[in-house]
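Please treat every number below as a calculation from the coordinates, not as lab data. From a predicted model like this one, the values you see are computed outputs, not experimental measurements. Cβ placement follows ideal geometry from the backbone for every residue including glycine, while neighbour counts extend to all protein chains displayed.
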Amino acid sequence: MTAARAAAAGGPASLSRFRGALVAAVLGDCVGGEFEGAEEVPMESVLQHLSSLDDDTKGNAGHGSQEYSASPGRGYGSGVIQVLKKLSSPQLSDVYQPARDQFNGRGSFGNGGAMRAAPFALAFPNPADVKKFAHRGAMLTHSCSLGYNGAVLQALAVHLSLQGALDLPLKFISTLIIEMEDVESNEATLNDARILKEAEKPFCERLHRVSDLMHRSKVSIEEVISELGNGIAALHSVPTAIFCVLHCLQPRECLPENYGGLERTIAYSLALGGDTDTIACMAGAIAGAHYGIEAIPQSWIKCCEGAEDADMNAERLHMLYQQTSQGGGTGEPSCGAESQSKASNGTEKKARAE
């Protein structure tokens, strides 16, 4: 990390890092929509798209219940739409029941909860609280452990980045592995992994793959997709977003020399294809928490719907964070998801990943 970058981002948990995390998350979602679902995205197309952002016509993403109420058909998976409708019912007594009802009680393992997880890292200084509340927040829409644990991992990555942990990339990834070893050690998680025919601790296994890729002298985009994935399941996108950030800490031959680390991260995320908006959103949050708001080109911010609101919310969260930083955490989260009763077939897996 250069001295200039360090000065711009400020120290751990600086306001610049808070603003960078939320604005870059919204930015990644906005610009990533251009290539969502594409199987192959040439880097030339990505760079052309990013260079066109000066025309103030790009970007069309928004999140949260208020945005859903205003535009219910815009950018939401069908499963989440049904959950949000049920959550609005005045007769609802258990806010987690709608998510548990999805897919015959087996729940969603998609990445929607993970892409919304960054604010939990900005609200709580204590990592135990970050894990607990990211878990609870994701459980509103994703009751399968492979869904809500993805949100926990994403929130932890933003939390560590906020503290400056990306200055030591190998320690950063090893800390995430240690944290997720604990998160994935409960019986509900182990049972979900068995039913879905995944590794015993799926996210830990993927993080080890990230570590292996970091040690290679050259890594192709095809290898990243093969090893980590680029799909709508949390398991196939959260570790991928983390790798994008780590891979782009240093300049890359395929990316412009004048690009900073955050710009490289966004561009590389889009070049992977697949669920580009969500992966770029998550990678943007982690990178933004590291580089700070000053690293985001103003032309990109101006063309992105929601960036101003994200910036204001970042300031509010920073105030909350400072107020709670002197208090203690509330302890480790308990995983209360229902274990799965039977395996899903391929069609169900795709639907449950919304």
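Miscellaneous remarks
- Our estimate of slack between residue 298 and residue 208, defined as 0.36 nm per intervening residue step minus the Cα-Cα distance, is 28.8 nm.
- Neighbour counts of other Cβ atoms within 10 Å put 303, 30 in the fewest-to-most order 303, 30.
- Gain upon complete extension [residue 250, residue 222; 0.36 nm per residue less C-alpha separation]: 8.1 nm
- Sorting 19, 264 by the number of Cβ atoms found within 10 Å of their own Cβ, with the fewest placed first, yields 264, 19.
- DSSP-assigned coil residues among GluC sites (Glu not before Pro) in the stretch 246-284, each with at most 10 further Cβ atoms within 10 Å: 253, 257
- Here the simple spin-label model places points 7 Å from the Cα toward Cβ, and for residue 305 and residue 215 these points are separated by 4.6 nm.
- In terms of its C-alpha gyration tensor, the stretch 214-310 comes out oblate, because a/c is 1.5 or above while a/b does not outweigh b/c.
- Residues 133, 172 arranged by fewest to most Cβ contacts within 10 Å: 133, 172
- Annotation: amide H of residue 111 within the under-5 Å range of 234, sequence separation 5 or more or interchain, hydrogens built in the peptide plane.
- Subtracting the Cα-Cα distance of residue 325 and residue 128 from their residue separation scaled by 0.36 nm leaves 69.6 nm.
- For the stretch 261-287 and the stretch 144-189, distance of Cα centres in Å: 18
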